Structures are given as C-alpha cells and as structure tokens.
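Heads up: the structure comes next, in structure tokens.
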Amino acid sequence: MNSSEIISGAKEELICIICPIGCSLEVYRDSDDIHVKGALCPKGIEYAKQEFLDPRRVVMTVVRVKNGDLPVVSVKTSVPVLKKCINDIMMITASIEVVAPVEIGQVIARDICGANIVATREVKKINNCD
Ligand code: SF4
C-alpha cells in the first residue's frame, strides 16, 4: 500500500523498535496529515510515519550451495526492501544455487527490488576425492 492508497482515517498500531523503551504508537491519517500518538521522542514519530507510508524490511533467507561443506548459505538483502517485495525475493532466492566457496559479503544476486542479495557466512568448498 502506498501513501496515495491510504484512506483518510486509516489507523495502525505499532510498537516502536528504535530503542528498548518500546513505546506503543498509534498512527493515522487525517486528511493530508499523518498523526502519531504515544511516541516519547521524535525518532518514534519518524519511525511510525515510515512504517505507515512505506514499510520496508531487511530480508534474510538461505540459498542452496553446490560442492560446499554446508548445503545452504545464509543471505540477506543489502538494504531494507518494500514489504510487498518479500515474496518475490523468497521465490528468486529459492531458485538460486551458488557454487562453493562462498565468502561473507559475496553478492549472490544483483538488483532485486532495489537490493543485492549478499552472503552472511562463509561456505568452504569440499574436496571431492572422486
Ligand atoms: S518513541 Fe522514542 S522513546 Fe519511544 S521507543 Fe521509540 S525511540 Fe524509544
């Protein structure tokens, strides 16, 4: 849902994750203004508006590895992506297989929903004796 699709009066309840206090926030649109209740500081207001208008997440998953000492490698998006892109990213990463060795930070796939998919751990190549 983008900002133009949010109808006036739409309301959302959130927990602020910016600091350990975890304020309970209520965010809603009243004509052209976005209002936030319950935030103890401006960071919570900014967080609530971002979540209301343009929610994004870093996506973490795994990708299959061929000839590795592990069958999969953990990966994540290089930047937070739109929540509506999460399914696409999961489908694409499920179809990928990389060949070992894999280095931490290695780019596994480029420019998917505006992010790269990068490895978050190392997978060594196994030595096949046959
Ligand atoms: S609104 Fe401010 S004080 Fe409350 S949880 Fe968020 S960052 Fe912390």
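The values are calculated or read from the model by the stated rules, or taken from the named source; none is laboratory data. None of the values given here were measured: they were computed from a predicted structure. Glycine also receives a Cβ, built like all others from the backbone with ideal geometry; neighbour counts cover every protein chain displayed.
Observations, loosely collected:
- Scanning the range 87-130 for residues that are surrounded by 11 or more Cβ atoms within 10 Å (Cβ to Cβ), among the polar types (S, T, N, Q) and without any contact (Cβ under 8 Å) to a residue 60 or more places away in the chain yields a total of 3.
- Of everything listed in (1) farther than 26 Å from Gly114 by Cβ; (2) within 16 Å of the ligand (Cβ to nearest atom), the single unmet condition for Glu12 is (1).
- Candidates Val62, Val36, filtered to the one that is surrounded by 13 or more Cβ atoms within 10 Å (Cβ to Cβ), over 29 Å from Met90 (Cα atoms) and at pLDDT 95 or above: Val36
- Pick from the range 15-25, criterion surrounded by fewer than 18 Cβ atoms within 10 Å (Cβ to Cβ) and within 20 Å of Lys83 (Cβ to Cβ), ranking: nearest to the ligand (Cβ to nearest atom): Ile18
- Verdict on Lys43 being surrounded by fewer than 16 Cβ atoms within 10 Å (Cβ to Cβ), of a type in the set (Lys, Arg), in the same structural domain as Gln106 (by TED's automatic domain parsing) and under 28 Å from Gly114 (Cα atoms): no
- Looking only at the range 38-79, residues that are within 16 Å of the ligand (Cβ to nearest atom) and touching a residue at least 40 places away in the same chain (Cβ under 8 Å) come to 1 in all.
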